[in-house]
1. Could you look through segment 259-276, keep only residues that are assigned to a helix (DSSP H, G or I) and touching a Lys or Arg at 6+ places or on another chain (Cβ under 9 Å), and pick out the one that is modelled with the highest pLDDT?
2. Checking the condition within 25 Å of Tyr176 (Cβ to Cβ), among the charged types (D, E, K, R) and not in a strand (DSSP E or B), which residue from Lys291, Lys256 passes?
3. Does any residue in segment 275-294 that is within 30 Å of Pro62 (Cα to Cα) and of a type in the set (Gly, Ala, Ser) come within less than 7 Å, Cβ to Cβ, of a residue that is assigned to a helix (DSSP H, G or I) and modelled with pLDDT of 90 or more six or more places away or on a different chain, and which pairs are these?
4. Which of the following residues is of a type outside the set (Lys, Arg), buried (at least 18 other Cβ atoms within 10 Å of the Cβ) and touching a Gly at 6+ places or on another chain (Cβ under 7 Å): Leu231, Leu260?
5. For segment 263-289, name all the residues that are of a type in the set (Ser, Thr, Tyr), closer than 30 Å to Ala21 by Cα and either more than 27 Å from the chain's Cα centre (by Cα) or buried (at least 18 other Cβ atoms within 10 Å of the Cβ) (or both).
6. Any residue in segment 342-364 that's small (Gly, Ala, Ser): show its pairings with residues that are assigned to a helix (DSSP H, G or I) at Cβ separation under 7 Å, as long as the two are six or more apart or on different chains.
7. If you check every pair at least six apart or on different chains, which have Cβ atoms under 6 Å apart with a residue in segment 189-202 that is loosely packed, with under 14 Cβ neighbours inside 10 Å first and a residue that is in a loop (DSSP other than H, G, I, E, B) second?
8. Taking the options Asp215, Asp183, name whichever one is in contact (Cβ under 8 Å) with a residue 12 or more places away in the chain, surrounded by fewer than 20 Cβ atoms within 10 Å (Cβ to Cβ), among the acidic types (Asp, Glu) and within 17 Å of Ile334 (Cα to Cα).
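The values are calculated or read from the model by the stated rules, or taken from the named source; none is laboratory data. Since this is a predicted model, take the numbers as computed values, not measurements. Every residue, glycine among them, receives a Cβ derived from its backbone with ideal geometry; neighbour counts consider all protein chains shown.
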Amino acid sequence: MAQPGSVVLIGSAYPLRGGLATFNERLIQEYSDQGAHTTIYTFSLQYPSVLFPGKTQYSTEPAPEGMDIRVKLNSVNPLNWLSVGNEIKKLKPDLVIVKYWMPFMAPCFGTVCRLIRKNDHTKVVSVIDNIIPHEKRPGDRALSSYFVNSVDGFVAMSHSVMDDLSTFTREKPKVYCPHPLYDNFGDAISKQEAKKKLGLDPVTRYALFFGFIRDYKGLDLLLEAFGTRVLKNSGIKLLVAGEFYCDPAPYNEIIKRHGLENTVIISNDFIPDSKVVNYFCSADVIVQPYKSATQSGVTQIAYHFNKPMIITDVGGLAEFVPHGRAGYVVRPDINAIASAILEFYSEGKEEEFSANAAVEKQKYSWGRMVESINSVRINCIIPVSSYH
């Protein structure tokens with residue numbers, strides 16, 4: 001398949017932090033490694049501070065080496081959209097990639113992409129996290145439609161998103177490619193070393209909930225599960241590593257009501273890339289008790305470290321974790337989650353599931369993502385039926 005000689009990615013990147021930036025930087029690195037001339041256009045303003053739920057939008061880590069990152073895009077300034085769109089239009093890259101994750105970004109992205117495509121050369125492909133958001137608001141569908149109509153084709157990272165996309169367009173090409181492995185967090189370290197770095201007890205067993213805390217991610221279900229009789233006195237503890245992007249009061253109330261103060265350890269902060277290894281390698285199992293989902297980058301971090309998972313059967317999560325092989329897939333239900341955690345420990349599944357995860361993760365490559373994006377670029381006039 002013909003490789004694009006020049007690639008521009010529009011989306012979150014350094015100095016911004018978080019999973020979106022990590023994904024975009026890793027993807028553009030793959031294109032660069034394959035010989036493309038690459039540029040990222042990231043945000044000078046991603047979210048107005050009044051709309052941002054966390055402590056800071058910015059990274060404390062060093063800038064990624066060797067990347068041309070241009071901090072130019074303002075998500076709420078239409079004059080800026082015109083300026084950036086026309087700038088990229090004049091560059092005439094072979095390919096523009098846009099990572100789309102929420103309707104708030106649709107006016108900005110949709111306007112910029114419309115301008116770029118007027119050069120009659122550049123193909124615009126969007127990698128879609130969600131086309132219908134987890135936390136729905138009035139106008140979401142109209143905004144996403146505006147964005148959908150501004151690009152040439154799509155790569156969806158779960159079958160559920162593929163289905164959602166079909167309700168917006170059946171004409172434009174789209175392919176499915178699973179979320180690639182997050183392999184940029186360094187090599188695994190021993191469990192004992194990781195626990196020591198976090199100041200954890202060396203003999204205690206730990207399950208991990210990782211990532212930004214939002215209501216749809218089901219941390220309340222997990223806390224209630226640890227409050228059940230079968231888990232409360234098991235000696236298993238829960239690590240919660242991530243910043244609250246919602247009101248922490250209901251979660252603190254569950255902890256207090258069940259007397260879990262000595263069972264649940266919360267690191268209420270953004271976990272920088274250099275510290276991620278400590279949390280995953282301290283844990284025996286990663287629990288994702290989501291109430292709704294499409295796919296999750298946490299799954300791909302867990303796979304990188306060969307960690308077993310317990311996930312809920314919502315959205316596209318179950319596509320990535322084969323039940324009884326690399327973990328357990330359960331209902332988003334307190335007792336089901338509690339039973340799965342107890343079964344994992346009582347039956348000693350860690351070694352078996354970890355070995356299987358090491359095999360399972362081989363299918364999640366960045367090369368496959370690049371091939372998928374390129375296939376949409378090359379075949380953007382082929383009917384959508386050819387992609388199923």
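1. If we take residues in segment 259-276 being assigned to a helix (DSSP H, G or I) and touching a Lys or Arg at 6+ places or on another chain (Cβ under 9 Å), then Lys275 is modelled with the highest pLDDT.
2. Lys291
3. From residues that are within 30 Å of Pro62 (Cα to Cα) and of a type in the set (Gly, Ala, Ser), the pairs are Ser282/Lys191; Ser282/Ala194; Ser282/Lys195; Ser282/Leu198.
4. When all the criteria are applied, what remains is Leu260.
5. We begin by selecting, within segment 263-289, every residue of a type in the set (Ser, Thr, Tyr); these are 263, 267, 274, 279, 282.
Adding the requirement that they be closer than 30 Å to Ala21 by Cα leaves 267, 274, 279, 282.
Passing the criteria: Tyr279, Ser282.
6. Ala357/Tyr303
7. Gln192/Pro202
8. On the way: Asp183 fails: within 17 Å of Ile334 (Cα to Cα).
Result: Asp215 is the single residue among Asp215, Asp183 that is in contact (Cβ under 8 Å) with a residue 12 or more places away in the chain, surrounded by fewer than 20 Cβ atoms within 10 Å (Cβ to Cβ), among the acidic types (Asp, Glu) and within 17 Å of Ile334 (Cα to Cα).
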